[in-house]
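Trainee: After the structure tokens below, expect a handful of questions from me.
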Amino acid sequence: SSSINVMAFTRGDPGDYDRWALNGASGWAYQDVLPYFKRVESWEEGESEKRGGAGPIGVQWAKTKDPLFDAWIEAALAAGYPHTKDYNSAQHEGFGRSQYSIRNGRRSSSANAYLRPAQSRANLTVETNALALKLLIEKNRANGLEYSKNGTIVRVSAEREIIVSAGAFNTPQLLMLSGIGPADHLKEIGIAPIVDLPVGENLQDHIAVQIAYTRPEASPFRKTMRLDVMAMALIQAHLFGAGPATILPGGLHAFIKTRSDLSVPDIEFMFRGTALGAHLWFPLLRKPYLDGFTIRPTLLHPKSRGRVRLASPNAKDHPRLFFNLLSAPEDLTVLREGVRRARIVAHQKALDTYRGEEKSPGSSTITDADIDSWIRKVAITAHHPAGSCAMGDKQTNVLDPHLRVRGIEKLRVVDASAMPDMVSAHINACVLMMAEKAADMILGKRD
């Protein structure tokens, strides 16, 4: 959700979308989606051939002045990696300054950019504290929705279409609760199947580990974390949308290839300019924390696939998630290579004055077996779940390339579950692009 994410605004590589189109998602090649990426954003440097200047989402450069991030770029060049001026424009691969969905010092979320400006519309009703129970389907046509609110079951009808945008976990849950999904699973749960589709299959996420170093000299961020300084910074941010509390302690993203024959990067490095255990401090009350920084190798294109399943026919029961992370052996191999490459960059001369002791995994973790063991112990997802209702041109795809659910009329899915596979980026910008493109599809259908 763009209301709670770290606000990284990364589109992915043009090759990601060309791959989608090549594999059956016709109409989703890079040249097809570029106009929608541009429509989404107001890039602080203005309109260009590849950037948008008048969209609802404000996008800006990272504002941190921490010299650590310039040192990272210098270290990357020394290690043989390119520097990209703008990874959302001509060159995606390389080390580049971060871009964030921030406008005027405040989070530029989809809620702030799209929903709140539309709240006064007569044709929009937002129901909060409500739980979708199931879609109402008659003769393979979606006619409405049943939901609960304050203990009351409410039914609403739909004259045109129903658009499901509940995310990679809850969209498949709602479809299966409505009889759309793997027939054998639905029967096992006690739901009569309407359409047999691989709903919930193909679940994917980026998987990552953090390499952490101590930092001998205090960073600008640690100075800001002094209690009185941060208190004033928060007041400044709240009243004026300015000051250090509006600046993230991260200023860099990198997208690299571990093999020269790859068409798109397979590893991302995320960077953190402060210690993992950062906290507020004040003289005599609490000591400052030992400063540090991290580099986070992230597997961009996992081969492992998971699934979403129902726990019961009750919508109040959370769905069961089976990520099956690292079940494909090559995923561990590529992520291990990402760890090795991250360490090589971190030990370049440009970072000597910033780099202290390696705290995680530690300098004694050297062999493939040791690194693999550490990865299995500490790896987590990057919170980019996708693919559980994948679109494509095959009858086995849940959605067609127009995001329509196969076998059911007047029903579409517009969220990350529709992605065929992972893009080489954080997925928020991609989902916003998909929503803009879907809006055109829906309007065209109605016309």
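The values are calculated or read from the model by the stated rules, or taken from the named source; none is laboratory data. The shown structure was predicted, so the numbers you read here are calculated from the model rather than taken from an experiment. All Cβ positions, even for glycine, are placed from backbone atoms using ideal geometry, and neighbour counts span all protein chains on display.
Trainee: If I filter the range 93-100 for residues that are of a type outside the set (A, V, I, L, M, F, W, C), under 30 Å from residue 68 (Cβ atoms), out of contact with any helix residue (DSSP H, G or I) (no Cβ under 8 Å at 6 or more places or on another chain) and free of Cβ contacts under 8 Å to residues at least 60 places away in the same chain, do I get at least one hit?
Mentor: No, that holds for no residue.
Trainee: Here's another thing I want to ask about it. Just wondering, is there one or more residues in the range 348-368 that are farther than 13 Å from residue 210 by Cβ, part of a loop (DSSP other than H, G, I, E, B), touching a Pro at 6+ places or on another chain (Cβ under 7 Å) and in contact (Cβ under 8 Å) with a residue 60 or more places away in the chain?
Mentor: Yes: one or more hits.
Trainee: In the range 1-49, which residue that is hydroxyl-bearing (Ser, Thr, Tyr) and more than 11 Å from residue 429 (Cβ to Cβ) is farthest from the chain's Cα centre (by Cα)? Before you say what the answer is, go through the steps one by one.
Mentor: Initial filter on the range 1-49 (hydroxyl-bearing (Ser, Thr, Tyr)): 1-3, 10, 17, 26, 30, 36, 42, 48.
Add one more test, that the residue is more than 11 Å from residue 429 (Cβ to Cβ), and what stays is 1, 3, 17, 26, 30, 42, 48.
Working: 1: 8, 3: 12, 17: 16, 26: 23, 30: 19, 42: 19, 48: 25 Å.
Out of the qualifying residues, it is 48.
Trainee: Suppose we keep only residues that are more than 20 Å from the chain's Cα centre (by Cα) and among the acidic types (Asp, Glu) within the range 254-310. Which one would you say is farthest from residue 216 (Cα to Cα)?
Mentor: 261
Trainee: Got a sec? Which of 69, 95 is crowded, with 19+ Cβ neighbours inside 10 Å, in contact with a Lys or Arg (Cβ under 8 Å, 6 or more places away or on another chain) and not in a loop (DSSP other than H, G, I, E, B)?
Mentor: The unique qualifying residue is 69.
Trainee: For the range 113-133, state whether one or more residues are farther than 20 Å from residue 312 by Cα, among the charged types (D, E, K, R), loosely packed, with under 10 Cβ neighbours inside 10 Å and at pLDDT below 95. Lay out the reasoning, then the answer.
Mentor: As a first pass, look at the range 113-133 and keep what is farther than 20 Å from residue 312 by Cα: 113-129.
Those still in the list that are among the charged types (D, E, K, R) too: 116, 121, 127.
Narrowing further to those that are loosely packed, with under 10 Cβ neighbours inside 10 Å: 121.
Now restrict to residues that are at pLDDT below 95: none.
Within the range 113-133 (the criterion being farther than 20 Å from residue 312 by Cα, among the charged types (D, E, K, R), loosely packed, with under 10 Cβ neighbours inside 10 Å and at pLDDT below 95), the answer is no, since none of the residues qualifies.
Table: residues versus (1) farther than 24 Å from residue 383 by Cβ; (2) of a type in the set (Asp, Glu); (3) modelled with pLDDT under 95.
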{"residue": "267", "(1), (2), (3)": "no, no, no"}
{"residue": "285", "(1), (2), (3)": "yes, no, no"}
{"residue": "311", "(1), (2), (3)": "no, no, no"}
{"residue": "317", "(1), (2), (3)": "no, yes, no"}
{"residue": "335", "(1), (2), (3)": "no, no, no"}
{"residue": "340", "(1), (2), (3)": "yes, no, no"}
{"residue": "350", "(1), (2), (3)": "yes, no, no"}
{"residue": "356", "(1), (2), (3)": "yes, no, no"}
{"residue": "361", "(1), (2), (3)": "no, no, no"}
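Trainee: Identify, from the list 311, 315, the residue that is within 30 Å of residue 174 (Cβ to Cβ) and either surrounded by fewer than 16 Cβ atoms within 10 Å (Cβ to Cβ) or without any contact (Cβ under 8 Å) to a residue 24 or more places away in the chain (or both).
Mentor: It is 311.
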